[in-house]
Amino acid sequence: MRPVKHLRWWIIGLVTLGTVLNYLARSTLSVAAPTLQAEFHMSTEQYSWVVLAFQASYTVMQTVAGSVLDALGTRLGFFLFAVGWALANMAHAFATGWPSLALFRGLLGATEAAAIPAGAKTVSEWFPPRERPLATSAFQMGTSLGNMVAPPLVAFCILWWGWQEAFLITGALSLVWAALWWFGFRSPAQHPRLSAEERTYIEAGRAEDDLGGKPATRAAVLKSRGFWAIAVPRFLAEPAWQTFNFFIPLYLVAVWKLDLKSIALWAWLPFLAADFGSLAAGLVPPVLMKRGASLVTSRKVTMTLGAICMIGPACIGLAGSPGAAIALFCVGGFAHQMLNGALVTLGTDLFDSQTVATATGMAGSAAWIGGMLFTFAIGRSADVFGYNPLFVALAALDLLAAAVLWSLLRTRPAESPRDA
């Protein structure tokens, strides 16, 4: 077959498209939530249990999915999970109340858990260290693009056909992507369209990786300080992103009394800003490295800048209009994806390609435990105390996450991440 120029970037583009559809599927519920609350007579607390069903299964399965991807390989593993989340999302159309909705939501969470570990594993396999921040940013942008596409697409489906069709259509799109992935992806060693020149470039680039002694087993990953330096900050930072994902439409309805058309007009904007945050996570580290920062320090500084920007959404309670509130949500979307992109990239730097999906999955489980606990807090307190104290807490958690990262990860270029 004829080689494809710059194939590694086409590969990460395919991963990005899969991530877009993954997050489109999970975001369908948040846009449809006001409609389903009326349809099924759900309270905010009952809706939070539906969200928690997704989060609980996703949390458990992130670790499992990472191990499955490392065992089966990225191609087969990601394909099976993609088919699973497509069918689980389509099943939402047959829900008859919040308990059955929670059941299907749990199935969706279990199957969608592979997306970020698969993206990290692909970056580790296909990119040298100096290109990993930008490659990670590319597929991270898919998370916000999926959330950005969801409000207008899902609102259109609901207004024209009904809420059931919204789930059927978004699920069917993921089935199409699964076929594209199966026929389009191979590892660098096996891909028939990879040129000899690019293969040599990828292999030579790995010599730049100066973090020796990477943990190569699950036990070694869990014992490494570097793993906990990623997992604990992700535990603290993830509640912000999940709040943006699942509660922006409900917040706009509860606080500003917006209708579905207005939500479709406004709710995608924070995820557009999040795309720029993902891009910043890819562009800032190389600039810092050119100015003398080490590889690990460049990631830590990038994460910290994102955490500082989270002060913006802490001020949502001061907003005098829905437009001002959305603007502060935009700051939060940018901030979170900047800091999260830095943390995910660190995983590709610190762990061997044979364990990077496992490590990313376990760190993702820690992150989703944090998100799940915060969702529980929202369900118990939002109707009583409002959303404003929760937004302040999100900023405080992200700043604490930055402090933990600097405290735990003190890797010097010549050090092993096992001892960091």
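The values are calculated or read from the model by the stated rules, or taken from the named source; none is laboratory data. Because the structure is a prediction, the values reported are computed rather than measured. Backbone-built Cβ (ideal geometry, glycine too); neighbour counts: all protein chains shown. SASA here: full protein model, heavy atoms, side chains in, ligands and nucleic acids out. Shrake-Rupley method; radii C 1.70, N 1.55, O 1.52, S 1.80 Å.
Some notes on this structure:
- Computed as a quarter of the hull surface, the mean projected area of the alpha carbon convex hull for region 96-246 stands at 12.3 nm².
- Here the chain exposes an accessible surface that is 70 percent carbon and sulfur, computed with a 1.4 Å probe and the other protein chains kept in place.
- C-alpha center-to-center spacing [region 143-165, region 345-361] in angstrom: 33 Å
- About its Cα centre, region 17-131 has a charge dipole of approximately 120 debye under the convention of +1 per Lys or Arg Cβ and -1 per Asp or Glu Cβ, with nothing else charged.
- Per residue, the solvent-accessible area of region 113-174 (1.4 Å probe, heavy atoms of protein chains only, all protein chains present) comes to 25 Å².
- Span-like helix ranges in the chain, DSSP H, alpha carbon extent 30 angstrom or more, Kyte mean at least 0.5: 7-40, 44-72, 132-160, 163-184, 225-256, 269-290, 322-350, 356-385, 388-408
- Distant alpha-carbon pairs in the chain (separation over 39 angstrom), percent: 14 percent
- For region 1-55, accessible area per residue (1.4 Å probe, heavy atoms of protein chains only), Å²: 38 Å²
- Between A396 and R218, the modelled labels are 3.6 nm apart [label points 7 Å from Cα along Cα→Cβ].
- Basic side chains Lys and Arg get +1 at the Cβ, acidic Asp and Glu get -1 at the Cβ, and with that the dipole of region 207-326 about its Cα centre reaches some 320 debye.
- Cβ-Cβ FRET estimate between R193 and F376, R0 fixed at 45 Å, reported to 0.05: 0.45
- Computed packing ranks the peptides 312-325, 335-348 as 335-348, 312-325, most packed first, by mean other Cβ atoms within 10 Å.
- Lysine pairs in the chain with Cα atoms under 19 Å, if 8 or more residues apart or on separate chains: 4
- Accessible area per residue in Å² at 1.4 Å probe, computed on region 293-372: 22 Å²
- A Cβ-based charge dipole, computed about the Cα centre of the chain with Lys and Arg at +1 and Asp and Glu at -1, lands at about 720 debye.
- Think of the chain as having a plus end and a minus end, set by charges on the Cβ of Lys, Arg, Asp and Glu; of A38, A366, L318, A366 sits farthest toward the positive end of this dipole.
- Positive-end extreme of charge dipole, the chain - chosen from M1, L145, L87 (charges on Cβ): M1
- Taking 25 °C and 0.890 mPa s as conditions, region 158-264 diffuses translationally at an estimated 124 µm²/s according to Stokes-Einstein applied to its Kirkwood radius (Cα pairs).
- Relative pair counts by distance (%), Cα atoms of region 1-135, 10 Å bins: 12, 38, 28, 15, 6, 1
- Distance from region 318-344 to region 44-69 (C-alpha centre basis), Å: 24 Å
- Computed helical MRE - 222 nm, the chain, DSSP H runs ≥ 4 contributing -39500 (n - 2.57), nearest 500: -27500 deg cm²/dmol
- Potential lengthening between A179 and A93 on full extension [0.36 nm per residue; Cα-Cα distance subtracted]: 28.7 nm
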